[in-house]
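Q: Dropping a structure here in C-alpha cells format, bear with me for questions.
What follows is calculated from the coordinates using simple rules that are stated; it is not laboratory data. None of the values given here were measured: they were computed from a predicted structure. Positions of Cβ are generated from backbone atoms using ideal geometry, with glycine treated the same way; all protein chains shown enter the neighbour counts.
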There are 2 protein chains.
Amino acid sequence: MIIIGEKINGAIPSVAEAISQRDVEFIKDLAKSQADAGANFIDVCASTDVSVELDTMKWLIDLVQEVTDTPIAVDSPSAEICAAAIKFCNKPGLVNSVSLEGNKIDVVFPVIAGTKWECVALLCDDTGIPKSGEQRMEVFATIMERAKEFNIDPSRLHIDPLVEMLCTSEDGISTVLDVIRKIKAQYPRIHVTGGASNISFNLPARKFVNQAFLVLAMGAGMDSAIINPLHKHMMGLIYATQALKGDDEYCMEYINGYRAGLYGPVK
Amino acid sequence: MIIIGEKINGAIPSVAEAISQRDVEFIKDLAKSQADAGANFIDVCASTDVSVELDTMKWLIDLVQEVTDTPIAVDSPSAEICAAAIKFCNKPGLVNSVSLEGNKIDVVFPVIAGTKWECVALLCDDTGIPKSGEQRMEVFATIMERAKEFNIDPSRLHIDPLVEMLCTSEDGISTVLDVIRKIKAQYPRIHVTGGASNISFNLPARKFVNQAFLVLAMGAGMDSAIINPLHKHMMGLIYATQALKGDDEYCMEYINGYRAGLYGPVK
C-alpha cells in the first residue's frame, strides 16, 4: 500500500497557523512524524491565496526535505503551481493532481514526461464528477490516451475514482468499487488512490465509515491512499487488509509493522 | 447483519467460573448486555464435561430467557446436545452447528424440520476442513441436498465457510471470499456466517485482522457473524460496512445505531 501523508495542508487550521507564523519546527515535525509512520509520499498543499501559493510551497517543501528523504507530493488545485513546484523537489515525487478539467493535463504531463514523477489523476472533467460508472470509465479512457501521448507508463499514475458522500448515495460504494476493479483489470500496474474521508461527510462517528471504506476499496484493488499515517487504527487495518488480500507473505509486513510500532498499541 | 452474541461460552474463563459458581447475575448480565447491544441471537455454549453439559445448557438458557426475548443459539460440539437443548427454548432460535462430520445432520435436521429453527452448517466433513474452494463447494452442495430432503429453506441456514488462520495461508482469504460469493450467488436468501477471530491466530494486534476480515467478508456477502456485540469498534465497522454496501438506505441504521450508543463514543 502506498501511503500519501496528508497532514501538511493549509486547509487544516493548525497548519494554516503554522504557515502564517512561519513555524519551522511545526512543519518539520509533521514531515518527520509522517515519514517515520511509513508514509511513501509527504503531501504538501499550501491552501493559501494564489498570490503567495508558490512561495509558500517552496518554503514547505524545503522544510520537508531538511528532515526526510521521503518524496514530496506537490498538491495544488492549480496545475501551474504543481508544475512549477516540481523544481523545488530534490527527487521525483507525485503531482497531486490532474483531471480532464481545463488544461491541467496539458500543463502537467509535458513537465513529467521523461521523468520518474508520478501523478494523481482524478476521474472528473469540466462537467464535474460523472454520475455513472460508465461515464467515469470514459473519463479514465481519455486520461490513459493522454498519458500514452506523453509516454507516461500506467505504473506512474494514481487514479482517484472520486468517492462521493455515502449519505446521499443510492448504491453505497458499489459503483466506485466496480470502477476500481475495471481499472485494475485493464491496467494491472496502475495505482488506484483516494482520500478516505469524503465518503463519511455528514455522518456521525466518521472514522468507522472511513475505515470500512478503505478496507473495501483495498479489497477491490485500491493500492494507494491519501490519509493520515499517524492514525494507528487506520494503519493497522491497512496492514491487516494487505495480509488478508494475500499480498504479504507469511504476514511479515504486518508483523514487522507491529514490531516497529506503526500501528496498534505495542504491548 | 445478523449478530450472534458469543459471550456466554464456558470456554471463556470468567464464564467457566460463573458456571461452576452458579453465578446467576453474571450470566444474566452477559445475556442482557448482548441483547441491548443489538445481538440477534444469544449463543449459549456450556463447554463443560459432557456428563453435565445438558443440565448446564438448561441452566444457562433459563437464565438468558429470564432477561431477554432474543432467541438462543444452542451451541455444542455434540449434535445430540444441540437437539436436546432445543426444547428448553421458548421460541425458535439457531442450532450451532452441524456439518458433514459424523451423523450431525441426521440428528439435527429431523428435529428442526417443519419448525422455524435456523441452523449453522460448517463446510467440513469427516476428513476435516477441505483445502480447496472446489472441495468446500462440494461439501456445501451435499449440505444443501440434505437440507432439501428435510424441506429446510436456504433462508434458515447460516453457512460457515470455516476460515483458517491467516499466518499460514498462501492466498490470504481469497479462497474463502470466493466461496462466500459463490454460495450467495447460488442461494441469494441463504446466510453466510463465521467467527471473526480464528483468522488472526498467532498474529499480534489481532483486532485489526479480525476487523478487516469481517469488513472484507461482508463485502463478499457474509451477512451473519458470531462475535462480541459489546465490542463497539467492531460494531461500528459492521454498521458502516452495511451502509457502504448500499444495504442501509440514507444510512438510517448507521445513524440510529450511533444515536442508540451501539457503537463508537457518543459525543
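Q: Starting from 0.36 nm per residue, how many nanometres of slack lie between residue A:135 and residue A:148 once their C-alpha separation is accounted for? Before the final figure, lay out each step's value.
A: On the way: separation 13, 0.36 × 13 = 4.68 nm, distance 2.01 nm.
That pair, residue A:135 and residue A:148, stretches by 2.7 nm at full extension.
Q: Can I ask one more? Dividing the convex hull volume of the Cα atoms of the protein assembly as shown by its residue count, what figure in Å³ per residue is obtained? Can you show the working numbers first?
A: Numbers: hull volume 83.3 nm³, N = 534.
Spelled out: Cα convex hull of the protein assembly as shown, divided by residues, is 156 Å³.
Q: For segment B:122-171, state which trypsin sites (Lys or Arg not before Pro) are in a DSSP loop and have at most 12 other beta carbons lying within 10 Å of their beta carbon. All intermediate terms of the calculation are to be shown ahead of the outcome.
A: Details: sites: B:131, B:136, B:146, B:148, B:156; in loops: B:131.
Filter output for segment B:122-171: B:131.
Q: Ordered shortest first, which distances in nm separate the 7 Å Cα→C-beta label point of residue B:47 from those of the other copies?
A: From this label point to the equivalent ones elsewhere in the assembly: 4.8 nm.
Q: Here is a further query. Over all pairs of distinct alpha carbons, what does the Kirkwood formula give as the hydrodynamic radius of segment B:126-166, in Å? Don't skip to the end; give the middle numbers.
A: Details: mean 1/r = 0.0877 Å⁻¹.
By the Kirkwood definition, the hydrodynamic radius is 11.4 Å.
Q: Something else: Among A:58, B:245, A:116, which comes first, second and so on when ranked by fewest other beta-carbon atoms within 10 Å? Mind showing how you got there, number by number?
A: Values: A:58 16, B:245 21, A:116 10.
Lowest count first: A:116, A:58, B:245.
Q: Just grab the label-to-label distance for residue A:17 and residue B:178, each label 7 Å out from Cα along the Cβ direction, in nm (one decimal).
A: Taking the simple label geometry, residue A:17 and residue B:178 are separated by 5.4 nm.
Q: Debye calculation, C-alpha points only, no solvent: report log10 I(q)/I(0) for segment A:138-267 at q = 0.13, 0.15 Å⁻¹, in the same order as the q values.
A: Each listed q corresponds, in turn, to -0.60, -0.78.
Q: Since chains B and A are linked by a rotation, which residue in B has the beta carbon closest to its axis, and how far is it in Å?
A: Spelled out as residue then distance in Å, it is B:215, 2.
Q: Right, here's the next one. Please work out the C-alpha center-to-center distance from segment A:33-47 to segment A:88-158 and express it in whole Å.
A: So the separation of the two Cα centres works out to 21 Å.
Q: Next question, about the same structure. Taking amide hydrogens as modeled 1.01 Å from N in the peptide plane, which residues meet the under 5 Å criterion relative to residue A:122, leaving out close sequence neighbours?
A: A:98, A:99, A:160
Q: Next up: Taking a point 7 Å out from Cα toward Cβ as the label site, list the nm distances between residue B:87 and the same residue in every other copy, smallest first.
A: Counterpart label points of residue B:87 in the remaining copies fall at 9.0 nm.
Q: So the label point goes 7 Å from the Cα of residue A:2 along Cα→C-beta, right? Which residues of segment A:119-148 then have their backbone N under 16 Å from it?
A: Under 16 Å, as judged by backbone N against the label point of residue A:2, lie A:119-123, A:144, A:147-148 of segment A:119-148.
Q: Another question about this same structure. Taking a label point 7 Å from Cα toward Cβ, how far is residue B:25 from its twins in the other copies, in nm, shortest first?
A: Output for residue B:25: 5.3 nm, nearest copy listed first.
Q: While we're here: Give the relative contact order (percent, whole number) for chain B; include only Cα pairs under 8 Å separated by 6+ residues. Numbers along the way, then the final one.
A: Values: 460 pairs, mean separation 42.5, N = 267.
Worked out over chain B, it gives 16 percent.
Q: Another question about this same structure. Can you give the calculated 222 nm mean residue ellipticity of the protein assembly as shown, where each DSSP H run of n ≥ 4 adds -39,500 (n - 2.57) and the sum is split over every residue, rounded to the nearest 500 deg cm²/dmol? The partial results should precede the final answer.
A: Numbers: 20 runs with 242 residues, N = 534.
Rounded to the nearest 500, the figure is -14000 deg cm²/dmol.
Q: To continue, here is another question. In the structure displayed, which of B:7/B:182; B:131/B:182; B:32/B:232; A:28/A:91; B:131/B:207; A:32/A:207 lie more than 20 Å apart, Cα to Cα?
A: From the list (B:7/B:182; B:131/B:182; B:32/B:232; A:28/A:91; B:131/B:207; A:32/A:207), the Cα-Cα distance tops 20 Å for B:7/B:182; B:131/B:207; A:32/A:207.
Q: Starting with the fewest neighbours, write out B:101, B:118 ranked by other beta-carbon atoms found within 10 Å of each beta-carbon. Walk me through the intermediate numbers first.
A: Numbers: B:101 16, B:118 23.
Final ranking by Cβ density, sparse to dense: B:101, B:118.
Q: Anything in chain B that counts as a DSSP H helix reaching 15 Å or more along its axis (C-alpha) with Kyte-Doolittle mean of at least 0.0? List them, would you?
A: Details: long enough: B:24-36 (18 Å, -0.28); B:50-67 (27 Å, 0.60); B:133-149 (24 Å, -0.74); B:174-186 (18 Å, 0.17); B:206-220 (21 Å, 0.87); B:232-244 (18 Å, 0.50).
Qualifying helices: B:50-67, B:174-186, B:206-220, B:232-244.
Q: For residue B:94, list long-range residues whose amide hydrogen, built 1.01 Å from N in the peptide plane, is under 5 Å from its own amide hydrogen.
A: B:72, B:73, B:74, B:118
Q: Let me know the volume per residue of the alpha-carbon convex hull for chain B, in Å³. Spell out each step's value before the answer.
A: Numbers: hull volume 35.7 nm³, N = 267.
Cα convex hull per residue, to the nearest whole number: 134 Å³.
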